[in-house]
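Read the figures in this text as sums done on the coordinates, not as results from a lab. Bear in mind the structure is a predicted one, so any value in this text is a computation, not a measurement. Virtual Cβ from ideal backbone geometry, glycine too; neighbours counted across all protein chains shown.
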C-alpha cells in the first residue's frame, strides 16, 4: 500500500484517504443530481456503483496514479479533493458544504502538498464552462485559463465543453 495513511489537516478540515466504509456517506454525495451536474459521470444510481468507485480510487492511490483525499468536517464526509493523472486537480463537495469556503480550504492543502511535498511544477484543471462556481474558485486559487474545447464530454445524452486551466508553482 502506497501512502494510504497520509492525512492533511487544515483549520477546519481533515483530508484523509478513502476507506471502504465510506460507501454510504459518499453515495449520499454521488447520487445527488446537483452535486453531479458538471461531473464526468451521471449521479450514482446504486450503492454498488459508489462502492466500485471508491475501490477504483483506493486502487489508483495504491498504484501511485492519484493523490486523492476524502474531506471531513467534524467527522462528517463532505466531499473529495485531490490530484489525478499526476497533476490534474479534481474536487466534489456536497451542496450542503457549498459557499462556506471548505472547497477552497481543502484545495489549498492539496495544492500545497503537490508543490512542496510532491515536487510538482504545475497543476492542471478541466471544467465545464457553465460551472461558474468551480471556475471562480479555481481563479481565486490562482489558476489561469489555457484553452477551451467544444463537445469534450458526452454524459447522459448531453454534450459538454471544457475549459482548461493551469497553476504554476510559485517561485521563490
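Assorted remarks:
- Cα-based radius of gyration of segment 7-121 once divided by 2.2 N^0.38 Å, which approximates compact folds: 1.00
- Evaluating kT/(6 pi eta Rh) at 25 °C and 0.890 mPa s, with the Kirkwood radius of segment 68-170 over Cα pairs in the Stokes-Einstein relation, gives 171 µm² s⁻¹.
- Extension reserve of the residue 164-residue 37 stretch, reckoned as 0.36 nm per residue once the Cα distance is removed: 43.9 nm
- Among beta bridges identified by DSSP and lying wholly in segment 1-143, the antiparallel ones come to about 95 percent.
- Spacing of the two label points (7 Å from each Cα toward its C-beta) at residue 65 and residue 6, in nm: 1.6
- Per-residue ellipticity at 222 nm computed for the chain from its helices equals -8500 deg cm²/dmol, with DSSP H segments shorter than 4 residues left out and the rest contributing -39,500 (n - 2.57).
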